[in-house]
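Student: Got a structure for you, written out below as structure tokens; questions coming shortly.
No value in this document is a laboratory result; all are computed from the given coordinates. Every value quoted in this text rests on a predicted model; they were computed, and no experiment measured them. Cβ sites come from the backbone with ideal geometry, for glycine too, and all protein chains shown count toward neighbours.
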Amino acid sequence: MIVLYNGRLVIERKKLSKNWQAIYKVPNTEERTIDLCTNNVQEAFITAQYNYFAIRDNKTYEEVAESFVGKLKCWSCIHWLARTNECSFGFPEAMQVRGQYAQRCGLYDDCVKVKNDLPFWYLPAA
């Protein structure tokens with residue numbers, strides 16, 4: 001279970017055979033539970049964040065996702081620890097500026113690029 005924004009967003013997976021789901025407790029709206037349609041924790045983390053921003057700002061998911069296109073965010077980096085909601089290198093700037101520190105971080109490595117490559121431990125047969 002991942003708890004963000006003082007408990008307003010809870011991301012959880014009750015069974016390994018189930019998808020991640022998010023529970024949103026945004027002020028002035030009713031509590032919502034949304035299936036995130038993924039087994040991958042990093043994809044669930046990003047989707048849940050976009051949904052949270054959409055509910056909080058009264059926008060659509062597509063509007064929020066489009067606003068982040070082309071902008072590096074800390075939670076898209078392979079060094080981001082979704083469970084603790086912090087950078088594995090301990091940079092406090094990561095959450096102090098809503099994840100925008102990634103644009104200036106020299107250690108940023110995009111998880112999408114890594115996900116499409118072969119794993120680092122893979123060695124082809126000789």
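Student: Around Thr38, which amide H atoms from residues at least 5 apart in sequence, or from another chain, sit under 5 Å from its own amide H, with H modelled in the peptide plane?
Tutor: Those lying under 5 Å, H to H, from Thr38 are Trp20.
Student: Now, a different point. Ranked highest first by the average count of other Cβ atoms within 10 Å around their residues, in what order do 72-78, 54-60, 25-31 fall?
Tutor: Descending mean neighbour count gives 72-78, 54-60, 25-31.
Student: Oh, and also: Contact order normalised by length for the range 1-69, with contacts defined as Cα pairs under 8 Å and 6 or more residues apart; what percent is it? Can you show the working numbers first?
Tutor: Numbers: 93 pairs, mean separation 14.2, N = 69.
Contact order relative to length: 21 percent.
Student: Roughly speaking, what is the stretch gain from Tyr5 to Leu81, that is 0.36 nm per residue apart minus the C-alpha to C-alpha distance, in nm to one decimal?
Tutor: Details: separation 76, 0.36 × 76 = 27.36 nm, distance 1.54 nm.
Extending this stretch completely gives an extra 25.8 nm.
Student: Label Lys25 and Tyr61 with points 7 Å out from Cα along Cα→Cβ: what is the distance between them in nm?
Tutor: 2.3
Student: Let me ask you something else. Mind checking which aspartates and glutamates have their C-alpha under 20 Å from Lys15, skipping anything on the same chain fewer than 8 residues away?
Tutor: Lys15 reaches Asp35, Glu43.
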